[in-house]
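Notes for the one structure printed next.
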Amino acid sequence: MIKISDHVHEVGASHPELCYFDRLMPTEHGTTYNSYLIQGGKTVLIDPVEPEKKEILLQNLKDLGITKLDYLICLHTEQDHGGSTPDILAAYPGVQLVSNAKVAEFMENHIHIPRTEFRIMEDGDSLDLGGLKLSFKSIPFSHWPDNTMVYLEEEKKLFSSDLFGSHYAAPDPSQPDFELQIKEAQAYYAEIMMPTRRQTRKHTEWVRELNPDMILPSHGPVWHDPEIILSLYERWTSDAVTPAVVIPYVTMHESTRLMARYLAEKINARGVKADLCDLGLSDKDLRQTAGEALYLSVDAAAIVLAAPTVLTGPHPSMMFFAALMNGMRVKARFLGLIGSYGWGTQIEKSLIALTERLKGEYLPPVLCKGLPRDEDYAALDSYAEEIVAKIKALPPEDILD
Ligand code: FEO
């Protein structure tokens, strides 16, 4: 529990032992399910928590002496927030549920609470707490269609739902490690917000105009200086890219690793940063290695997949990453493919199909049979030259500092 101001407390739950959010996204530093209590003339709770942690929320409310809640505002239905709504209703009978129409619709489907139980707020509507006012703004597709923000006007505090969050359960939530907060915010952006980059950009612009003094997301530490997270989101959601190449790779018999390393070396030698990511590390789960590659891919100009062929198609670990980057719609301008095969391959066809949503220019692959020979290395040299030339030819406004 954290006291944010005389009127606002964070009363949610920390979940430091969580390893994968949604069984997909690695959460090395756990997460938090933030729940905000606002005490004006009326008492309001913004979002409950993941049901597994509901006792923490209920105990925090008890510790603050809360015997009556007037409103429970639900900003988003997903179970990590909406899941314990029935428990709050049971603990605080008479509390009025408040949300936008989309949350009410989804609550009926996902939590089985009739939509008629909700007081529906439109964009721009305000909830008068007696001396304090909360105004509503929908932020569809950051990241579900129902996400909503509320703004405490008198204190210029923006409760931003999933937007601007991070999966980071700091040991002392009032004193997070700043570098870790930034890193986890980028990883969170990559797996939660990147698929809806354009909508998220629009919502970020709206927040920039609003100019809040503090941003209080549903996950991770609050942003006491909103400029930090706003400028990062402006960077990540823009169409511009960093002059960098990410090379996620898998190897079975070392041939593809030799190719990937050689390509990275030749790209680096031409003055463009190339990062290798081994998806097949024996001491890491594929979701972790793929998550790291995705993290690096947030604003990279090019991504080159490096994979051996298994049963005519890409190694399954690469299929997972390709499907992930396709779903997350990475904005890389150029997409490449290299790899080794045993006697025949359909890898190119499979990977093109797996990445069909991506808009980057596809560069025909460099594939070699077995262990690479001099001519294969020469082809990789030319590939490096071509990739670097394309990145350097991008107009200045398309390049991030
Ligand atoms: Fe934090 Fe979309 O739930």
What number of residues within the stretch 203-242 are touching a His at 6+ places or on another chain (Cβ under 7 Å), crowded, with 23+ Cβ neighbours inside 10 Å and not polar (S, T, N, Q)? 2
Can you tell me which residues in the stretch 1-19 are out of contact with any strand residue (DSSP E or B) (no Cβ under 6 Å at 6 or more places or on another chain) and either part of a strand (DSSP E or B) or charged (D, E, K, R) (or both)? 6, 17
Subset of the stretch 75-98 [in a loop (DSSP other than H, G, I, E, B) and within 18 Å of residue 144 (Cβ to Cβ)]: 75, 76, 77, 78, 83, 84
For the stretch 267-383, please list each of the helices (runs of 4 or more DSSP H) lying entirely inside it that holds at least 2 residues being in contact with a Phe, Trp or Tyr (Cβ under 8 Å, 6 or more places away or on another chain). 286-296, 347-354
Exception for residue 372 within (1) on the phi > 0 side of the Ramachandran plot; (2) open to solvent by less than 20 Å² (accessible area, probe 1.4 Å) falls at (1)
Under 9 Å by Cβ, and 6 or more places apart or on different chains, what pairs join a residue from the stretch 145-166 that is open to solvent by 10 Å² or more (accessible area, probe 1.4 Å) with one that is within 12 Å of the ligand (Cβ to nearest atom) and outside any loop (DSSP other than H, G, I, E, B)? 145/106
Hey, any hits in the stretch 123-141 for a residue that's within 16 Å of the ligand (Cβ to nearest atom), aromatic (Phe, Trp, Tyr) and open to solvent by 50 Å² or more (accessible area, probe 1.4 Å)? yes
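Going by the conditions given, is residue 166 under 20 Å from residue 7 (Cβ atoms), within 12 Å of the ligand (Cβ to nearest atom) and modelled with pLDDT of 95 or more? Give the derivation first.
Details: under 20 Å from residue 7 (Cβ atoms): no; within 12 Å of the ligand (Cβ to nearest atom): yes; modelled with pLDDT of 95 or more: yes.
The answer is no for residue 166.
The values are calculated or read from the model by the stated rules, or taken from the named source; none is laboratory data. On a predicted model such as this, the values are computed, not experimentally measured, just so you know. Because the Cβ atoms are built from the backbone with ideal geometry, glycine has one as well, and the counts that use them run over all protein chains shown. The area values use the complete protein model at the heavy-atom level, side chains included, leaving out ligands, DNA and RNA. Shrake-Rupley method; radii C 1.70, N 1.55, O 1.52, S 1.80 Å.
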